[in-house]
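See structure below.
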Amino acid sequence: MERSRHGGRSVYAGIFLVAQSTLILEILLTRITSVIAWYHLAFFVIALAMLGMTAGAVVVFLRPQWFEPSAIGRRLAQSALWGAIIAPLALAWVMASPLVAVTDFMSFFALLVTGVALALPFAFFGVTLTLALTRAGLPAGRAYGVDLVGAAAGAVLVIPLLDLVDGGSASLVAASVAAVGATAFALGAGERKLALRGGIVAALLLGAGGLNNAAEHAPLRPSWIKGVREDPALVDIITWNTHSRVDVSPVKTEAPMLWGRGRNTPPELLAPRRLRTIRIDGAAGTPMIDFAGGPSEHAYLDWDIATFAHRIRPEGAAAVIGVGGGRDVLAALRSGHTPVVGVELNRDIVDLHRRRLRDFSGIAAVPGVELVSDEARAFLTRDPRSYSVITMSLIDTWAATGAGAYSLSENGLYTVEGWERITSRLADDGIFTVSRWYKRDAPGETARMIALAMEVLWRRGVRDPRAHLIVLQERQIATLLLSPSPFSEGDLDRMQREAVRLGVNMLMTPRRLPAHPLLAELAQLPDRDSLWRWADAQLFDLTPPTDDRPFFFSMLRPQVWLRGNVDTRGLDHAFLGNLRATQTLVYATLAASLLTALAILIPLGMRRRELYALPKRELFAAASYFGLIGLGFMFVEISLLSVVGVFLGHPTLSLAVVLGGIIAAAGVGSLLSERFAVEESRAAWLYPLVPALLIAAVIVATPPVTAMFAGAGTGMRALVSLALIAPPALGMGLGFPLGLRLIRARGHAVDLGPWMWGINGAFGVCASGLALGTSMVAGIPATMGVGLLCYVALLPATWVLSRRA
């Protein structure tokens, strides 16, 4: 395509804007479906939706007559404009419908239909980007580089966008960006009427977004939350960010909520009080109780098992991980701790305490209370203070971050390295207390929490972890108390008296083994090696989670479920769904694999006469090449998101720095690919070694580098993160444009570019599930290793494709 015919700069602008819009919509889709459904269902739906990009590429390949060279400019504008129009409609469809767990064929079919509906706008954008990258006559490296840089800009811009508007309004704004991209394509093609239509659609979408955001009850909003229809009248405040939607109820009068209420709690303490309920993604709830009267008016908190550590260590500095509605801060104040430092990841919740509901909450105005909006691990690593008690009660958001549906913001808080950092801030006789869900017949989560504590203590050089651990239980809550020093006889006497007074069960103490056989076996293990052997031998994954495998909540091993002889019903609390998360991952990966196979077989069947006329070895090499770079890129990207994301801490920063950095660096690599003369050099087939060696270097460098800078400030950790992710991402950015130039150089009668782009995208979607499964089973370094092997495996394909015809 000549620049004079289609307007080169306008085409690049269109590519940039459509890629930006697509990435923003993908992140918004993750956020919105995480609100409507559980995070694992969000993964399933998003995987299907992203295959729409592949469908668009396949359409371009199967119907070349629709995309004649003279019509490319017009088709670029039309496909982008239709994508912009359909995107908010598809999201509105999803927000108006309940998404339920897959329990039978009909529920699976309903989820499939939702995925197909969401795939429609991405299919149009897939047509747009496929035409731009493979049929617009642009240099492959430059076009793909602009595409990636645009997507990287989307990863960054979505952060302030969700700070300004809600999720539904943000989708309208993102769609307007795609409409502006369509206008740019139309102007480049000289289609003035089409450009005018694009401008009108962009203005209407942007105006609709502003009106929707300004409305008291936004018309375009999630109307179903976790299978329950949401009544706008029951929501007083709603805020959005890239890792949660926070909603606050109006003031109501109810009995105060206690996680594990002691059986002897005086009834008069449970009299109804004025309170609000704060929810994250419509599910993870925490009460904010009217502060009126001060801490002395909240005696009911003393009877909650989650606050038991204050009965043993009532004084000194205290830290609370996860401020929520402020109940743990209030409990620490009642006991007499000062200062009380509340560390809350979600800045919108901190803003409620500091500003919007300051008088109702009250805790921000109490002398000695410090509320910090930060990731707890990162903050406590930098904080030089020692604490008498550090509390972490039921930190469950079930909220997928913008970086991905299984990227839970709390993952890094439940790993060995995370607990090592946290316990390093305890005084010698301090207590780290963690409360988790307990199920009497299947206490797997409690067992994993105990195993995690034992591993941390053994790593600290403790010979007998049981002397440092107390586990209490009441109803469906188990509370663990961990101390760097053995609990003294006086501590244990006080613990027993208070447990009897409150009416809670002493599940495991230095003086008493658990009654449950599983927990009793665990408590009597003599050393680390025996712990890991025992945990590996269990039906469910009870190994202590590490930063290499930060999946505390995912205890169902994929290989166990695939054997088909395990009934998971009754093995988890129904409202948690953590075991279902692994099942859904397997379902999504299998569905994506089937659709990927169709993306290969359908074009092969429909254009078999033309394709079979090509050298079979070259055709196989081309398909293998683009499939492998799709797999390899996603395996490495997900690995870097996990490892560097935990190091960087905050999910918003991870989205901007890690996801945005990976895509931007890959874009730079694509732009640099124009300097590689792969069509001429005899050694050109060796270029896959560039990304392979850079990935290998990062595998080696990441552990010592992240350990060295763990206590650095946020800015320094962001720079270190970019230094780690940029080299391999830059190398991976070479893959697609150089591969496209190699197949073009073969001079085939059939333009394979659109099909290869579709194969690349389909394998990338498959890889997202496969990489997560690999990380769960073998760890993140193994996942990155698989990505490295994918790039090494390109060598036979590049050797075939680089041979002179």
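The values are calculated or read from the model by the stated rules, or taken from the named source; none is laboratory data. Keep in mind it's a predicted model, so treat the numbers as computed, not measured. As a convention, Cβ positions derive from the backbone with ideal geometry for all residues, glycine included, and neighbour counts pool all protein chains shown. Keep in mind that these areas ignore ligands, DNA and RNA; they rest on the heavy atoms of the full protein, side chains included. Shrake-Rupley method; radii C 1.70, N 1.55, O 1.52, S 1.80 Å.
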- Item | Scope the stretch 673-725; condition within 15 Å of Leu794 (Cβ to Cβ) and among the hydroxyl-bearing types (Ser, Thr, Tyr); matching residues | Ser673, Tyr687
- Task: Name, by its number, the condition in (1) among the aliphatic types (A, V, I, L, M); (2) assigned to a loop (DSSP other than H, G, I, E, B); (3) free of Cβ contacts under 8 Å to residues at least 40 places away in the same chain that does not hold for Ala749.
- Result: (3)
- farther than 17 Å from Leu269 by Cβ and not in a helix (DSSP H, G or I) - does that describe any residue in the stretch 296-308? no
- For the stretch 361-392 the number of residues that are at negative phi and in contact with a Leu (Cβ under 9 Å, 6 or more places away or on another chain) is 17
- Item | Criterion violated by Gly190 - all others in (1) out of contact with any strand residue (DSSP E or B) (no Cβ under 8 Å at 6 or more places or on another chain); (2) part of a helix (DSSP H, G or I); (3) at pLDDT below 95 satisfied | (2)
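For residues in the stretch 123-135 being more than 21 Å from Met732 (Cβ to Cβ) and either open to solvent by 10 Å² or more (accessible area, probe 1.4 Å) or among the aliphatic types (A, V, I, L, M) (or both), which is farthest from the chain's Cα centre (by Cα)? Spell out how you get there, then give the answer.
Initially, the stretch 123-135 is screened for residues more than 21 Å from Met732 (Cβ to Cβ), giving 123-125, 127-128, 131, 135.
Now narrow it down to the ones that are either open to solvent by 10 Å² or more (accessible area, probe 1.4 Å) or among the aliphatic types (A, V, I, L, M) (or both): 123-124, 127, 131, 135.
Values: Ala123: 23, Phe124: 26, Val127: 27, Leu131: 30, Arg135: 34 Å.
Only one residue tops the list, namely Arg135.
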- Task: Sort out which residues of the stretch 482-532 are of a type in the set (A, V, I, L, M, F, W, C) and closer than 20 Å to Thr265 by Cβ, and write them in order of number.
- Result: Met495, Ala499, Val500, Leu502, Val504, Met506, Leu507
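Yes or no: Arg245 outside any helix (DSSP H, G or I) and open to solvent by 10 Å² or more (accessible area, probe 1.4 Å)?
Working: outside any helix (DSSP H, G or I): yes; open to solvent by 10 Å² or more (accessible area, probe 1.4 Å): no.
Criteria not met by Arg245.
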- Message: Looking only at the stretch 733-786, filter to residues that are open to solvent by 40 Å² or more (accessible area, probe 1.4 Å) and of a type in the set (Val, Ile, Thr); which one of those is nearest to Pro691 (Cα to Cα)?
- Response: Val786
- Query: Out of (1) surrounded by fewer than 19 Cβ atoms within 10 Å (Cβ to Cβ); (2) in contact (Cβ under 8 Å) with a residue 12 or more places away in the chain; (3) not in a loop (DSSP other than H, G, I, E, B), what's the single condition that is false for Gly285?
  - Reply: (2)
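Looking at Ser79, Ser34, which is the one that is among the hydroxyl-bearing types (Ser, Thr, Tyr) and modelled with pLDDT under 85? Please lay out each step first, then the result.
Details: Ser79 fails: modelled with pLDDT under 85.
Step by step, each of Ser79, Ser34 is checked, and only Ser34 is among the hydroxyl-bearing types (Ser, Thr, Tyr) and modelled with pLDDT under 85.
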- Query: If you take the residues of the stretch 262-280 that are in contact (Cβ under 8 Å) with a residue 60 or more places away in the chain and assigned to a loop (DSSP other than H, G, I, E, B), which of them is most open to solvent (accessible area, probe 1.4 Å)?
  - Reply: Arg263
- Val698 being open to solvent by less than 40 Å² (accessible area, probe 1.4 Å) and modelled with pLDDT under 85: no
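Have a look at Leu120, Leu206, Leu161 and point out the one that is surrounded by fewer than 24 Cβ atoms within 10 Å (Cβ to Cβ), part of a helix (DSSP H, G or I) and touching a Gly at 6+ places or on another chain (Cβ under 9 Å).
Leu120
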- Query: Hey, among the residues in the stretch 331-362 that are over 31 Å from the mean Cα position of the chain (by Cα) and part of a helix (DSSP H, G or I), which one's nearest to Leu426 (Cα to Cα)?
  - Reply: Ala332
- Counting only residues that are charged (D, E, K, R) and in contact (Cβ under 8 Å) with a residue 60 or more places away in the chain, how many does the stretch 328-350 have? 3
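Quick one: in the stretch 380-392, of everything that is open to solvent by 20 Å² or more (accessible area, probe 1.4 Å) and either of a type in the set (S, T, N, Q) or within 23 Å of the chain's Cα centre (by Cα) (or both), which residue is nearest to Gly322 (Cα to Cα)? Let's see the steps before the verdict.
Step one: of the stretch 380-392, the residues open to solvent by 20 Å² or more (accessible area, probe 1.4 Å) are 381-382, 384-386.
Narrowing further to those that are either of a type in the set (S, T, N, Q) or within 23 Å of the chain's Cα centre (by Cα) (or both): 381, 386.
Numbers: Thr381: 16, Ser386: 18 Å.
Among them, the one singled out is Thr381.
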- Task: Just give me the residues in the stretch 340-359 being touching an Asp or Glu at 6+ places or on another chain (Cβ under 6 Å) and either open to solvent by 20 Å² or more (accessible area, probe 1.4 Å) or closer than 19 Å to Ile289 by Cβ (or both), in sequence order.
- Result: Leu345, Val350
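Yes or no, residue by residue, for (1) open to solvent by less than 10 Å² (accessible area, probe 1.4 Å); (2) part of a strand (DSSP E or B); (3) farther than 16 Å from Phe432 by Cα; (4) at pLDDT 95 or above:
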{"position": "Arg463", "(1), (2), (3), (4)": "no, no, yes, no"}
{"position": "Leu472", "(1), (2), (3), (4)": "yes, yes, no, yes"}
{"position": "Ala478", "(1), (2), (3), (4)": "yes, yes, no, yes"}
{"position": "Glu498", "(1), (2), (3), (4)": "no, no, yes, yes"}
{"position": "Leu522", "(1), (2), (3), (4)": "yes, no, yes, yes"}
{"position": "Leu531", "(1), (2), (3), (4)": "yes, no, yes, yes"}
- Item | Test: residue in the stretch 307-323 that is within 20 Å of Arg274 (Cβ to Cβ) and hydrophobic (A, V, I, L, M, F, W, C) | yes
- With respect to the numbered conditions (1) open to solvent by less than 40 Å² (accessible area, probe 1.4 Å); (2) over 23 Å from Arg135 (Cα atoms); (3) in contact (Cβ under 8 Å) with a residue 40 or more places away in the chain, which one is the sole condition not fulfilled by Ser673? (2)
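Mind checking which residues of the stretch 217-237 are in a strand (DSSP E or B) and open to solvent by 80 Å² or more (accessible area, probe 1.4 Å)?
Looking only at the stretch 217-237, we keep the residues that are in a strand (DSSP E or B), and these are 224-225, 228-229, 237.
Listed by number, the residues that qualify are Val228, Arg229.
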- What residue, of Leu91, Leu99, Leu138, is of a type outside the set (Asp, Glu), open to solvent by less than 30 Å² (accessible area, probe 1.4 Å), outside any helix (DSSP H, G or I) and closer than 14 Å to Thr33 by Cα? Leu99
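Any idea how many residues of the stretch 787-799 are hydrophobic (A, V, I, L, M, F, W, C), open to solvent by 20 Å² or more (accessible area, probe 1.4 Å) and more than 29 Å from Thr543 (Cβ to Cβ)?
Here is the first cut: in the stretch 787-799, the ones hydrophobic (A, V, I, L, M, F, W, C) are 788-790, 792-795, 797, 799.
Still in the running and open to solvent by 20 Å² or more (accessible area, probe 1.4 Å): 788-789, 792-793, 795, 799.
Retained after the next criterion (residues that are more than 29 Å from Thr543 (Cβ to Cβ)): 792-793, 795, 799.
Qualifying residue count, the stretch 787-799: 4.
Specify which of the listed residues (Gly167, Gly181) is open to solvent by less than 10 Å² (accessible area, probe 1.4 Å) and in contact with a strand residue (DSSP E or B) (Cβ under 8 Å, 6 or more places away or on another chain). Walk me through it before giving the result.
Values: Gly181 fails: in contact with a strand residue (DSSP E or B) (Cβ under 8 Å, 6 or more places away or on another chain).
The match here is Gly167.
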